[in-house]
Amino acid sequence: MSGKESTEISDPGLPQLPKKVESQPEAFVTDINGDRGEKAGYNGENQKVDGPAANYVDGQMHRTLKQRHMAMIALGGAIGTGLFVGSGSALSTGGPVGLWLGYIFMSSIVYSMMVALGEMASLFPVAGAFTHYAARFVDPALGFATGINYWYSYAITIPVEIVAAAIVISYWDADTNAAVYITVCLVLIFAVNLFGARVYGETEFWFSAIKVVTIVGLILLGIILMCGGGPNHDAIGFRYWRNPGPFAQMTINGGDGVIEGAWGQFLAFWNVFIQAAFSFLGTEIIATTLGEAENPRKTVPKAIKRVFFRLVFFYIMGIFVISVLVPYDNEDLLNGSGNAAASPFVIAIKNAGIKALPSIVNAVILVAAWSAGNSDLYAASRTFYALALERQMPKIFRKCTKKGLPIWSVVITGLFGFLAYLNQGGDSAVTAFNWLYNISAVTGVITWWGILLSYLRFYYGLKKQGLSREGFPYLAPLQPWLSWYGFIFLTLVMLFNGFPVFLKGNWDTSSFFVAYVSLLLFAICWIGWKVVKKTKVVPLDEIDFITGRRELDELEALDRERFATESKYQKFMSILF
């Protein structure tokens, strides 16, 4: 560029943007996160540095996650113990048809959230994603509340998944103190995350592949067993839909009472609907990878477009198979073991007379639990880092190593993993641990609600300013009606997630607190930041759709050249992932 100064990218392996802007060679400039960064070639204290590090500012990660990493993280992110084991509890709650309908309904809501997120994420693939979108399109106070909410949700789930992994191991070894396995899992999760995004992406690629292959195999096996292809040649068909029946009745008073009739069946279905919401948590986790994704404007739309097929096949088909294989009153569904013994897949396999598979399924459940803990630390630490980028957390937490790892965000989040040892601290410690987990459960639903609110503001802001969505890297379908649909029903889920305590004779103060305290904490964060920082809701005609677009357009141009498909192998991998 004649007469213009720019900083060249010295490392072709890291597609970082030029940090100096035309006609502003010495100015502080806005980076692609919409955040005001430091001068290129300077560190956080404005001390000049040399070498490759000169191209990276304090608080900047590197784009090292490949397209196949993004594809498998999106594909396997929500396949975990909730589908393998937790679905059994939902089956006992709602019955086979109630279970299936509940998951179909929730799948449609999750789809509405993911396509809305996909349109914003492909246009602005920045670190923090929905935290940034909430602050940019709604109110900085909402961005803070969303970030704290999401960070806490996944930070507190790290020890939960570690404990789950230890419980799964007890299927084979019940004698060794669980603290030993908790320690091993904690060390491994820390190690993977401290090696950075590339190692995390590679680990999740293979673990997600294992989960995907397993669930595909279990679905096919379930269909075979349904048709009588098992060793005992018992054609189950729709036997259990007829007896004990398609719908369960809502139970109260700890199972001692039952609400009869159509009303009791509807309440049981609604309970499954809410349980299903928690099973889908993790579908949005791909958004936390945006700041470290190569070629994000290509990889993000491809991953989002496949969400529909993932929901249909893995969840709707998987839950259908579960609904026909096991009666909802089977005692093993309620044994609370947390390992393969409580999985409806394993129960069906045992009933069919297949002896070798339970241990294999248990091994996959172990992989799922460990993988979930790994992803929890990644997602929570990147969210905390994003809060620091938005100047909502101390500056130290946006500090990155030379390899792009937000080291202090990882460390402070990883400390939550030590709460796993509470599970070994007696009844009172276990109770406290369970409270922390249950309180965090609804926070994922709050995040989805915030994503849809941000998108609706994004959509109407574009309309108010006369800007067209045509030409965007990805267009969410059926807008704004699909987002309104998801937003309204997620509002109902948040408000009625603790509805059983309001049933006659079923009041429990502890359950009420657990169900609704997350909403209270979210409101405190939102209102508190708003009062302290005196933020305002961004008017529709003042929403910023410009900042960062030029840099992202330049990144897209660089990516088109750098990631151009050449060989037959590359073309094949592009189609596959």
(request) Calculate the spin-label point distance for Ile210 paired with Thr547, positioning each point 7 Å from the Cα along the beta-carbon direction, and give it in nanometres. (result) 4.3 nm
(request) Give the accessible surface of region 68-559 per residue, rounded to a whole number of Å², with probe radius 1.4 Å and ligands, DNA and RNA excluded. (result) 38 Å²
(request) Estimate the FRET efficiency between Trp263 and Leu478 by the formula 1/(1 + (r/R0)^6), using the beta-carbon distance for r and 30 Å for R0, to the nearest 0.05. (result) 0.40
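On the protein heavy atoms, probe 1.4 angstrom, tell me the percent of accessible surface of region 68-559 carried by carbon and sulfur. Intermediate values should be presented prior to the final figure.
Values: 12510 of 18500 Å².
Roughly 68 percent, rounded to a whole number.
Based on the mean of other Cβ atoms within 10 Å per residue, sort peptides 292-300, 456-464 so the most packed one is first. Could the numbers behind the result be given before it?
On the way: 292-300: 24.4, 456-464: 18.7.
Top of the packing list down: 292-300, 456-464.
From the protein chains alone at 1.4 Å, what is the descending order of accessible area for Lys399, Lys536, Lys211, Lys350, largest first?
On the way: Lys399 85, Lys536 160, Lys211 5, Lys350 110 Å².
Largest to smallest exposure gives the sequence Lys536, Lys350, Lys399, Lys211.
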(request) Would you work out which of Ile316, Ala155, Leu540 lies farthest towards the positive end of the dipole of region 68-559? Charges go on Cβ: Lys and Arg +1, Asp and Glu -1. (result) Leu540
(request) Could you work out how far the C-alpha centroid of region 127-165 sits from that of region 291-309, in angstrom? (result) 20 Å
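Taking a cut-off of 43 Å, what percent of all Cα-Cα pairs in region 68-559 are separated by more than that? Before the final figure, lay out the partial values.
On the way: 16217 of 120786 pairs.
Tail of the P(r) past 43 Å holds 13 percent of the pairs.
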(request) Report the calculated FRET efficiency for Thr491 and Ser511 (r = Cβ-Cβ distance, R0 = 22 Å), to the nearest 0.05. (result) 0.60
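The values are calculated or read from the model by the stated rules, or taken from the named source; none is laboratory data. The structure displayed is predicted, hence computed values, not measured ones. For neighbour counting, all protein chains shown are included, and Cβ atoms are generated from backbone atoms with ideal geometry for every residue, glycine included. The accessibility values were calculated without ligands, DNA or RNA, using every heavy atom of the protein model including side chains. Shrake-Rupley method; radii C 1.70, N 1.55, O 1.52, S 1.80 Å.
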